[in-house]
Amino acid sequence: VSTRLLALDGAGHAEWFADYAQWEAGQERKTTEERSIRVSEERSALGKPSKRKGLSYKEQKEWDQIETRILKAEERVATCQAAADDPSIMSSAVDLQERHAALHAAQQDVERLYARWAELDEKRAQAV
């Protein structure tokens with residue numbers, strides 16, 4: 001007479017049960033758990049927004065125009081540099097300060113454009 005039941009699950013696992021009814025209850029519980037896990041995975045997969053890869057329409061337009069914008073900004077820096085180096089204003093502190101402030105702003109604009117270009121380039125690289 002057997003007092004315990006050895007159940008094999010077919011995946012290489014074995015488990016002892018007191019009787020057949022206990023084994024059936026365990027199987028039902030496993031099936032319910034697997035089903036709830038599968039349903040929650042499906043819900044989470046449906047609920048997640050799809051990750052956008054690459055550039056959006058606006059970003060693509062910006063990417064297409066950024067090189068031209070950088071060249072114009074660099075020309076503006078060169079113009080401001082020439083204006084700041086003008087010997088005729090060296091004696092006027094106010095004019096000199098204004099021209100150097102304009103030069104600084106133009107240089108910051110170029111740096112900002114290069115940073116944005118790098119950011120857009122990184123996004124484009126992720127799409128590949």
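Each reported figure results from applying straightforward, stated rules to the coordinates on display, with no laboratory input. These figures come from a predicted structure and were not determined experimentally. Counting neighbours? That spans all protein chains shown, and the Cβs are built from the backbone with ideal geometry, glycine included.
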State to the nearest 20 debye the size of the charge dipole of segment 1-40 about its Cα centre, where the only charges are +1 on K and R beta carbons and -1 on D and E beta carbons. 100 debye
Likely footprinting exposure, 68, 79, 3, fewest C-beta neighbours within 10 Å first: 3, 68, 79
Taking R0 as 22 Å, what's the FRET efficiency between residue 32 and residue 9 from their Cβ-Cβ distance, rounded to 0.05? 0.90
Largest to smallest principal axis extent of the C-alpha atoms in the chain, angstrom: 114, 29, 23
If I model segment 5-47 as equal point scatterers sitting on the Cα atoms and use the Debye formula, what is log10 I(q)/I(0) at q = 0.16, 0.25, 0.26, 0.31 Å⁻¹? -0.54, -0.84, -0.88, -1.03
Multiplying the sequence separation of residue 90 and residue 117 by 0.36 nm and subtracting their Cα-Cα distance, what value in nm do you get? 6.1 nm
Any DSSP H helix in the chain with Cα axial reach of 20 Å or more and mean Kyte-Doolittle score of at least -1.0? Listed by number, the hits are 57-84, 93-127
Counting Lys and Arg as +1 and Asp and Glu as -1, each charge on the Cβ, what is the dipole of segment 57-127 about the Cα centre in debye, to the nearest 20? 260 debye
Diffusion constant of segment 57-127 at 37 °C, which comes from Stokes-Einstein with the Kirkwood Cα-pair radius and 0.692 mPa s, µm²/s: 241 µm²/s
With runs of 4+ DSSP H residues as the only contributors, calculate the mean residue ellipticity of the chain at 222 nm using -39,500 (n - 2.57) per run, divided by the residue total and rounded to the nearest 500. -25500 deg cm²/dmol
